[in-house]
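Engineer: Take this structure first; my questions come after.
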Amino acid sequence: MKHIDTKLVEKKMGSRLTTNTVAKNVFLAATLFGLLVLVILIYRVVADSIGWIDFEFLTNKLSTDPEKAGIMGAISGTLWLMVVVAPVTMILGVGTAIYLEEYAKKGRLQAFIQTNISNLAGVPSIVFGILGLTVFARALGLGNIVLAGGLTMSLLVLPVVVVASQEAIRAVPQFLREASYGMGATKWQTIKNVVLPAALPGILTGVILALSRAIGETAPLVVLGIPALLIPLPDGIFDKFTVMPMQIYYWTLDSALVAEYANLAAGTIVILLLVLFIMNSIAVLIRNKFQRRF
Amino acid sequence: MTVSTFTANSAANTVKDKTESKKGMVYNTKDLNLWYGETHALKNINLEIQENDVTAIIGPSGCGKSTYIKTLNRMVELTPIVKISGDIQYREKSIFDKNFKVEDLRTHVGMVFQKPNPFPKSIYENVVYGPKIHGIRDKKVLDQIVEKSLRGAAIWDEVKDRLHENAYGLSGGQQQRLCIARCLAIEPDVILMDEPTSALDPISTLKVEELVQELKKDFSIIIVTHNMQQAARISDKTAFFLNGEVIEYADTDVIFSNPTDKRTEDYITGRFG
Amino acid sequence: MNNKLEKNAVREMVAKNKQSRSVSAIFEKIMPKVLLVIAIISILTTIGIVFTLLSETIEFFKIIPFFEFFTGTVLKPLGDNAEFGVLPLLTGTIISSTIAMFVAIPIGLMTAIYLSEYASERVRRALKPILEILAGIPTIVYGFFAFTFVTPLLRAIIPSLEPTNILSPGIVMGIMIIPMVASLSEDAMSSVPYSMREGALALGATKLEVTWRVIVPAAMSGIIASFVLGISRAIGETMIVTIASGSNKNFTFDVTQSMQTMTAYIVEVTGGDAPAGSTLYYSLYAVAMTLFVFTLIMNLIAQYISRRFREEY
């Protein structure tokens, strides 16, 4: 007795193949959905901002009059924020990564720090805002100045830098370390002169991605009470400030009152996305240029 | 069982500037045992290594020859599970002595690795790496060191016009000679070579071998090789390792023409390994 | 040979410098300690979060009983008869996250299947950066998109939809989470060894059958972990719901209405400068603590799943 009815198999084969083709197209459509949304989103913000982005928009200060309003304050605030976030995350992130990869012995402390970092990566950004509000703004009395915002953001993006730096350090081949030790170099000399330079492209990529995350992040700053009022341009890390996402937030909310604010928000979004696009391109360039040199 | 046969008519007839009389001993290994975790990798090693000799260490894969040479500059301890007993004396000082810093040991004892491992920096930066680490900053001195070391490694003519190009642009053989130059830059006393030609083509191999002959005038060289012809060609003394033990250690001519141990004979006649 | 450099000159220089190498010796000693201190800052951050949330939450529960907070259906933080029931916020959060996952799970999973099983290498290389761009768009931009585009669009379809509602931000949050679900699921599916595909294909199975009966089950733990992380992300998302869902503290299940999530409540309260020590001020921490615990549990579940059920191929 035959266990397999060949005819039945052949008859069913046709419909099985059809199902496969249909499914393939459905999966493709689902994949293209993301692309569609991206196109619509960019089209919308560009269309809304046409005629609004000009030299004055970039160089004017904030104003209640939509015609005069500009984002100079938000741009300089973003720059000052980076002045804090870039060095702080770099020192904390790379330092943690060096400790975990080069010094920490495999054991409880190392595993604990590692788990802690992956958990921190999953904490909602607004909770970091509350930490910043409670510790930096209130307990340390910094208020809503650049330094408080920058420290809060640094802690928020710290896991990104740590993980990227760890991967970069781990990718430095052991034979380079051996070459250095073989010359009589100490551990720190080896890390400083061989490991870090070799890991630098990977570390930089991580730092840029972390910074672009910090530039686009809004929630922690809202919690810190960053104003969208008419404040003077910040002159340093101890001044009050605003950033582009905050500007987008308030203009979007107020677009119900003044319709043109929606255009201003769209204009700011275009500038913000441009900045992020440039930063990400640099990160990709670094990654491609220095990939697999060993 | 290991006997260091001291022969007067050694192949090495270098004249040492300080003591012309008797050649000194650079390394004296006494009852060395080494474990990787549970694996007993080196068993009761006793070896005396003379200065200005080329000492070859041969044996089949996994016999402990690489482990031994890496123990001589304590690189083996980079693996955390390593346990060591016995002693190794370098110039009559125990290398395991707490007061003898491992960095100082490695300053006196340079190493050339199996795979060429230049730093991803310029040729110049590769050579000055050691001197800079050891606090030599004077640009003029560094320039002189670079030329001297690259000449010493017989690669100067090939790279003198592109000292500031990345070392990764060099061929494998050139990279290995650059690594030798990098090692020479701090003027070590001993140079350890861990199968330095195993990743090289025959012509590059020949160049490195010639270089070794040249270098033995100024340095004591210990070379691990799985290439018996190489050992026969370039070394003054040869130690045969098997399963973590030294089976035989004698003048190279003796080892290759008239080995006393059956296992040595089997190995060099190609019956195993 | 360069004559200026005497034989053994470098050796002597090195030996001489050895005595003056104290600076590098100090570095050698203190760097591990400095780096340890730096590494501990990440732990201090966690401790800081837990401690600030916990201490103020305890104050809150001294005023409002624990039970009342978690069963109260009325949240009216201001005025004389203030009431602090967290259920309106919880339903807001759960409903918006559910809507988001209704979007993100099917589309994300199908995208992952397409990229991992069907797409050619060229198509993959063209499409993956688009997902990365989508993932890199700041949430405030998605908030703007929900408020000025998706809501009007939906209102054209569903006339009863309010200008601020939970449906629109829910959908947009789902779109935001698609790249995360897609890329994590794709990683899980790509790591299924090729031999398993070959085995099934050789028996005459179609690609769809292989995907559905072999690949997806084999990669299930990674896929589920990506869903859980997506949920955690949706629960913690702030700006989209704050902008597009308004601040009505309705206790309802009607998605056409405005609802407030836990995150949006925190924004509202901190934006209003609640006087320190007031019940309103403490409620901020109680809500934030609830949010933190929710997302932490989700993250731990995701970690547990991907560790516990990591397939051994």
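Engineer: What single numbered condition from (1) more than 10 Å from chain A (Cβ to nearest Cβ); (2) over 24 Å from C:V267 (Cβ atoms); (3) open to solvent by less than 20 Å² (accessible area, probe 1.4 Å) fails to hold for C:M196?
Structural biologist: If we test C:M196 against (1) more than 10 Å from chain A (Cβ to nearest Cβ); (2) over 24 Å from C:V267 (Cβ atoms); (3) open to solvent by less than 20 Å² (accessible area, probe 1.4 Å), just (3) comes out false.
Engineer: Using the structure shown, decide if A:L109 is open to solvent by 20 Å² or more (accessible area, probe 1.4 Å), part of a helix (DSSP H, G or I) and either out of contact with any Phe, Trp or Tyr (no Cβ under 7 Å at 6 or more places or on another chain) or facing another protein chain (nearest Cβ under 8 Å) (or both).
Structural biologist: yes
Engineer: Could you please let me know if C:L53 is at the interface with another protein chain (Cβ under 9 Å from one of its Cβ atoms) and within 19 Å of C:A276 (Cβ to Cβ)?
Structural biologist: Details: at the interface with another protein chain (Cβ under 9 Å from one of its Cβ atoms): yes; within 19 Å of C:A276 (Cβ to Cβ): yes.
Answer is yes for this residue.
Engineer: Let me ask something additional. Here are C:A104, C:A82, C:A100, C:A112: which of them is open to solvent by less than 20 Å² (accessible area, probe 1.4 Å), over 30 Å from C:R197 (Cβ atoms) and not hydroxyl-bearing (S, T, Y)? Can you show your working first?
Structural biologist: Numbers: C:A104 fails: over 30 Å from C:R197 (Cβ atoms); C:A82 fails: open to solvent by less than 20 Å² (accessible area, probe 1.4 Å); C:A112 fails: over 30 Å from C:R197 (Cβ atoms).
Answer to the selection: C:A100.
Engineer: Looking at the range B:93-132, which of its residues are open to solvent by 10 Å² or more (accessible area, probe 1.4 Å) and more than 10 Å from chain A (Cβ to nearest Cβ)?
Structural biologist: Those that are open to solvent by 10 Å² or more (accessible area, probe 1.4 Å) and more than 10 Å from chain A (Cβ to nearest Cβ): B:K93, B:S94, B:F96, B:D97, B:K98, B:N99, B:F100, B:S122, B:Y124.
Engineer: Still on this structure, please answer the following. Which ones in the range B:206-222 are in a helix (DSSP H, G or I), in contact with a Pro (Cβ under 9 Å, 6 or more places away or on another chain) and either touching a residue at least 60 places away in the same chain (Cβ under 8 Å) or not hydrophobic (A, V, I, L, M, F, W, C) (or both)?
Structural biologist: Result: B:V212, single match.
Engineer: Would you pick out the residues in the range A:144-202 that are more than 30 Å from A:F241 (Cβ to Cβ) and in a loop (DSSP other than H, G, I, E, B)?
Structural biologist: Those that are more than 30 Å from A:F241 (Cβ to Cβ) and in a loop (DSSP other than H, G, I, E, B): A:A171, A:V172, A:P173, A:M183, A:G184, A:A185, A:T186.
Engineer: Follow-up. Answer with yes or no whether B:E147 is open to solvent by 30 Å² or more (accessible area, probe 1.4 Å), within 9 Å of another protein chain (Cβ to nearest Cβ) and either at pLDDT below 95 or not in a loop (DSSP other than H, G, I, E, B) (or both).
Structural biologist: Details: open to solvent by 30 Å² or more (accessible area, probe 1.4 Å): yes; within 9 Å of another protein chain (Cβ to nearest Cβ): yes; either at pLDDT below 95 or not in a loop (DSSP other than H, G, I, E, B) (or both): yes.
Here the answer is yes, as B:E147 does meet what is asked.
Engineer: Among the numbered criteria (1) facing chain C (nearest Cβ under 10 Å); (2) surrounded by fewer than 16 Cβ atoms within 10 Å (Cβ to Cβ), which one does A:T31 miss?
Structural biologist: Evaluating A:T31 over (1) facing chain C (nearest Cβ under 10 Å); (2) surrounded by fewer than 16 Cβ atoms within 10 Å (Cβ to Cβ) leaves (2) as the failure.
Engineer: Scan the range C:5-22 and give yes if some residue there is away from chain B (no Cβ under 11 Å) and assigned to a loop (DSSP other than H, G, I, E, B), otherwise no.
Structural biologist: no
Engineer: Can C:S183 be described as touching a residue at least 12 places away in the same chain (Cβ under 8 Å), within 14 Å of chain A (Cβ to nearest Cβ) and either open to solvent by less than 10 Å² (accessible area, probe 1.4 Å) or assigned to a loop (DSSP other than H, G, I, E, B) (or both)?
Structural biologist: Details: touching a residue at least 12 places away in the same chain (Cβ under 8 Å): yes; within 14 Å of chain A (Cβ to nearest Cβ): yes; either open to solvent by less than 10 Å² (accessible area, probe 1.4 Å) or assigned to a loop (DSSP other than H, G, I, E, B) (or both): no.
No.
Engineer: So, one more: Taking C:I133, is it facing another protein chain (nearest Cβ under 8 Å), open to solvent by 50 Å² or more (accessible area, probe 1.4 Å) and of a type in the set (A, V, I, L, M)? Don't jump to the end; show me each part of the working.
Structural biologist: Values: facing another protein chain (nearest Cβ under 8 Å): yes; open to solvent by 50 Å² or more (accessible area, probe 1.4 Å): yes; of a type in the set (A, V, I, L, M): yes.
Yes, satisfied.
Engineer: Specify the residue that is surrounded by the most Cβ atoms within 10 Å (Cβ to Cβ); the eligible residues are those in the range C:51-77 that are over 25 Å from C:V255 (Cα atoms) and aliphatic (A, V, I, L, M).
Structural biologist: My answer is C:L53.
Engineer: So, in the range A:133-165, how many residues would count as being of a type in the set (S, T, Y) and modelled with pLDDT under 95?
Structural biologist: Narrowing the range A:133-165 to residues of a type in the set (S, T, Y): A:134, A:152, A:154, A:165.
Narrowing the set further to residues that are modelled with pLDDT under 95 leaves A:134.
Matching residues across the range A:133-165 total 1.
Engineer: Restricting to the range A:258-281, count the residues that are surrounded by fewer than 24 Cβ atoms within 10 Å (Cβ to Cβ) and within 13 Å of chain C (Cβ to nearest Cβ). Break it down stepwise before answering.
Structural biologist: Here is the first cut: in the range A:258-281, the residues surrounded by fewer than 24 Cβ atoms within 10 Å (Cβ to Cβ) are A:258-263, A:270-271, A:273-281.
This time we only want the ones that are within 13 Å of chain C (Cβ to nearest Cβ), so: A:259-263, A:270-271, A:273-281.
Qualifying residue count for the region: 16.
Engineer: I would also like to ask the following. Restricting to the range A:116-139, and then to whatever is within 8 Å of chain C (Cβ to nearest Cβ) and without any contact (Cβ under 8 Å) to a residue 12 or more places away in the chain, can you tell me which residue is surrounded by the most Cβ atoms within 10 Å (Cβ to Cβ)?
Structural biologist: Residues of the range A:116-139 within 8 Å of chain C (Cβ to nearest Cβ): A:116-120, A:122-131, A:133-135, A:138.
Next, only the ones that are without any contact (Cβ under 8 Å) to a residue 12 or more places away in the chain stay: A:116, A:119, A:122-123, A:127, A:134-135, A:138.
Values: A:N116: 19, A:N119: 17, A:G122: 18, A:V123: 23, A:V127: 27, A:T134: 22, A:V135: 20, A:R138: 14.
Applying the filter and picking the extreme gives A:V127.
Engineer: List every residue pair whose Cβ atoms sit under 8 Å apart, with the two residues 6 or more apart in sequence or on different chains, where the first one lies in the range C:25-39 and is facing another protein chain (nearest Cβ under 7 Å) and the second, anywhere, is open to solvent by 90 Å² or more (accessible area, probe 1.4 Å).
Structural biologist: Listed pairs, sorted by first residue: C:I38/A:I91.
Engineer: Go over the candidates C:E186, C:E198, C:E209 one by one and state the one that is in the same structural domain as C:I105 (by TED's automatic domain parsing), in contact with a Leu (Cβ under 7 Å, 6 or more places away or on another chain) and of a type in the set (D, E, K, R). Spell out the reasoning first.
Structural biologist: Numbers: C:E198 fails: in contact with a Leu (Cβ under 7 Å, 6 or more places away or on another chain); C:E209 fails: in contact with a Leu (Cβ under 7 Å, 6 or more places away or on another chain).
It is C:E186.
Engineer: Could you check the range A:141-187 and list, in sequence order, the residues that are open to solvent by 30 Å² or more (accessible area, probe 1.4 Å) and within 14 Å of chain B (Cβ to nearest Cβ)?
Structural biologist: Scanning the range A:141-187 gives A:A171, A:Q174, A:F175, A:E178, A:K187.
Engineer: Mind telling me which of the residues C:Y142, C:Y118 ends up being over 23 Å from C:S232 (Cβ atoms), in the same structural domain as C:Q260 (by TED's automatic domain parsing), in contact (Cβ under 8 Å) with a residue 24 or more places away in the chain and not hydrophobic (A, V, I, L, M, F, W, C)? Lay out the reasoning, then the answer.
Structural biologist: On the way: C:Y142 fails: over 23 Å from C:S232 (Cβ atoms).
Of C:Y142, C:Y118, the one residue that is over 23 Å from C:S232 (Cβ atoms), in the same structural domain as C:Q260 (by TED's automatic domain parsing), in contact (Cβ under 8 Å) with a residue 24 or more places away in the chain and not hydrophobic (A, V, I, L, M, F, W, C) is C:Y118.
Engineer: If you take the residues in the range A:1-22 that are assigned to a helix (DSSP H, G or I) and among the aliphatic types (A, V, I, L, M), which one is nearest to the other protein chains (Cβ to nearest Cβ)? Show your work before the answer.
Structural biologist: From the range A:1-22, those assigned to a helix (DSSP H, G or I) are A:6-22; that's our starting set.
Pick out the ones that are also among the aliphatic types (A, V, I, L, M) and you get A:8-9, A:13, A:17, A:22.
On the way: A:L8: 13, A:V9: 8, A:M13: 8, A:L17: 6, A:V22: 9 Å.
Selected residue: A:L17.
Engineer: Still on this structure, I have one more. Can you name the residue in the range B:46-92 that is at positive phi and assigned to a loop (DSSP other than H, G, I, E, B) and, of all such residues, is surrounded by the most Cβ atoms within 10 Å (Cβ to Cβ)?
Structural biologist: Going through the range B:46-92, the residues at positive phi turn out to be B:52, B:59, B:62, B:64, B:74, B:86, B:91-92.
Filter once more, so that each one left must be assigned to a loop (DSSP other than H, G, I, E, B): B:52, B:59, B:62, B:64, B:74, B:91-92.
Values: B:N52: 21, B:G59: 27, B:G62: 14, B:G64: 23, B:R74: 20, B:R91: 14, B:E92: 9.
Ranking the candidates gives B:G59 first.
Engineer: Would you confirm whether any residue within the range C:148-170 is under 30 Å from A:N288 (Cα atoms) and more than 12 Å from every other protein chain (Cβ to nearest Cβ)? If you could, list the steps in order and put the result at the bottom.
Structural biologist: Step one: list which residues in the range C:148-170 are under 30 Å from A:N288 (Cα atoms), which gives none.
Scanning the range C:148-170 turns up no residue that is under 30 Å from A:N288 (Cα atoms) and more than 12 Å from every other protein chain (Cβ to nearest Cβ).
Engineer: Restricted to the range B:152-182, and to residues that are assigned to a helix (DSSP H, G or I), within 14 Å of chain C (Cβ to nearest Cβ) and under 19 Å from the mean Cα position of the chain (by Cα), which residue is farthest from B:I123 (Cα to Cα)? Write out each step before concluding.
Structural biologist: Step one: filter the range B:152-182 for residues assigned to a helix (DSSP H, G or I), giving B:152, B:156-159, B:167-169, B:172-182.
The next check asks that each one be within 14 Å of chain C (Cβ to nearest Cβ); those that pass are B:152, B:156-157, B:181-182.
Now restrict to residues that are under 19 Å from the mean Cα position of the chain (by Cα): B:152, B:181-182.
Working: B:G152: 15, B:A181: 10, B:R182: 9 Å.
Taking the candidates together, the pick is B:G152.
Engineer: Right, next: Restricting the search to the range A:219-257, which residues are under 20 Å from A:L156 (Cα atoms), crowded, with 22+ Cβ neighbours inside 10 Å and touching a residue at least 60 places away in the same chain (Cβ under 8 Å)?
Structural biologist: A:A219, A:P220, A:L221, A:V222, A:V223, A:L224, A:I226, A:F241, A:T242, A:V243, A:M244, A:M246
The values are calculated or read from the model by the stated rules, or taken from the named source; none is laboratory data. Worth saying up front: this structure is predicted, and the values here are computed from it rather than measured. Cβ atoms come from the backbone with ideal geometry, glycine included; neighbour counts cover every protein chain shown. These accessible areas exclude ligands, DNA and RNA; they are computed on the full protein's heavy atoms, side chains included. Shrake-Rupley method; radii C 1.70, N 1.55, O 1.52, S 1.80 Å.
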